[in-house]
Amino acid sequence: MISHQDIYSNSMGFLKEAGYDVFVNIYSGMEMCFEIIARHKSKSEYAPNLLIKIIENIDSIKPHIVNEIKLVSRLMAAIPLLIAVKNRHTLLEDDSIYIRKDLIAINLYTFHKIIQSPQIPMALAFAKKGGLFFDVNGEKLSDLRKKHNLSRKSLAEKIDLSPKAISQYELKNMRTSIDHANKMELLFGESVIEPLDFFKFLKNSMRAFKLDSALQKRISSKTREFMGEINEIVNDAGYQVFWPRTSPFDLFVYQEDEEGRDIADYTFVGGTQCDRIFASPRHEAQKEFIQHVPRQNSSGVVYDENIYDEEIAKQNAVPYILPKEFKELEHPDQFKKLIKKRRNSTQKSQDHSL
């Protein structure tokens, strides 16, 4: 069975061959919600930004990982993708898509095949409990059935299905099993499987989601005072705080839409990890990661000005807020004004450098 390291190394190679710039997010001893950020050099709609998590067993993925990869993917304007080896029963099939908690998972072979030709739709199966299923080209099926002078009933009898199932295929309301797909191909002499535009499907699979506060990092005795101060001022300003466990940064500040069903606006705020054992590698991850975040979505907050100071923030073109500034805020409106001020100054700095 292929190892996690082999999947990681091969995925990196495949992405670079396909024209992607990649950022690696692997640090010893640190559990992260993703390993790779990939951005295509062409910025083509056929090659979207990817946020990749490598995992052995797709059925063992932890709820907080799912929660946070969805959050980070929205922040990064990227699409989350799992590259995996197996599920709880068996190895993942080639040319097949697996769905877990609204996340798409494929094996390394399928990933390589897709990344080589992202613009070419291909026959990909959807793996479910009952086996492998394919989208049907309903119009083509209807034309072939009529060309062979077959009613829905007579076709159904030939491939051991009900007339209603044939009708659902032609209306594109139901996928067909691999067995019935093969029977129709044998009967008509050509396939009725609808090739899938994988990246289009991947984009459409992104759904609104609500952050589960029960999955965030717990306040510890070391961080109680600082986290409490941030929570209070941010909540009073009409924003919400989420403290992730597996992101390069320590907190996200956001607003939900009016229905509370999805995140409507991000004010991204990050800090260095309080746990000293991870402080240095996490800081290195942050310095790299922040360069990939859309500037309009990011404001940096740090715990230790000696580790990530104002000058470094300016060099990286990051709108920053230091802990001492947080502590000086007396009203929620000051928080909003400070973020706006830093974003504007950062944009002016970027425009000047261009």
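The values are calculated or read from the model by the stated rules, or taken from the named source; none is laboratory data. Fair warning: this is a prediction, and the values are worked out from it, not measured in the lab. As a convention, Cβ positions derive from the backbone with ideal geometry for all residues, glycine included, and neighbour counts pool all protein chains shown.
General observations
- Residues in region 162-189 that are free of Cβ contacts under 8 Å to residues at least 40 places away in the same chain and among the β-branched types (V, I, T): I166 alone.
- Verdict on K113 being charged (D, E, K, R) and in the same structural domain as I99 (by TED's automatic domain parsing): yes
- Pairs meeting the criteria (first residue in region 68-97 and closer than 30 Å to E256 by Cα and assigned to a helix (DSSP H, G or I), second residue among the charged types (D, E, K, R) and at pLDDT 90 or above, beta carbons under 6 Å, at least 6 apart or on different chains) are I69/K53.
- Residue within region 7-21 that is touching a strand residue (DSSP E or B) at 6+ places or on another chain (Cβ under 7 Å), in a strand (DSSP E or B) and either among the charged types (D, E, K, R) or at pLDDT 85 or above (or both) present: yes
- Given (1) within 25 Å of M32 (Cα to Cα); (2) assigned to a loop (DSSP other than H, G, I, E, B); (3) in contact (Cβ under 8 Å) with a residue 12 or more places away in the chain, index of the condition L202 fails: (2)
- Filter pass, F209 being in contact with a helix residue (DSSP H, G or I) (Cβ under 7 Å, 6 or more places away or on another chain) and part of a strand (DSSP E or B): no
- Any hit, region 49-66, residues being outside any strand (DSSP E or B), of a type in the set (K, R) and buried (at least 20 other Cβ atoms within 10 Å of the Cβ): no
- Among (1) under 21 Å from E139 (Cα atoms); (2) among the charged types (D, E, K, R); (3) surrounded by fewer than 17 Cβ atoms within 10 Å (Cβ to Cβ) - the single one E194 does not satisfy: (3)
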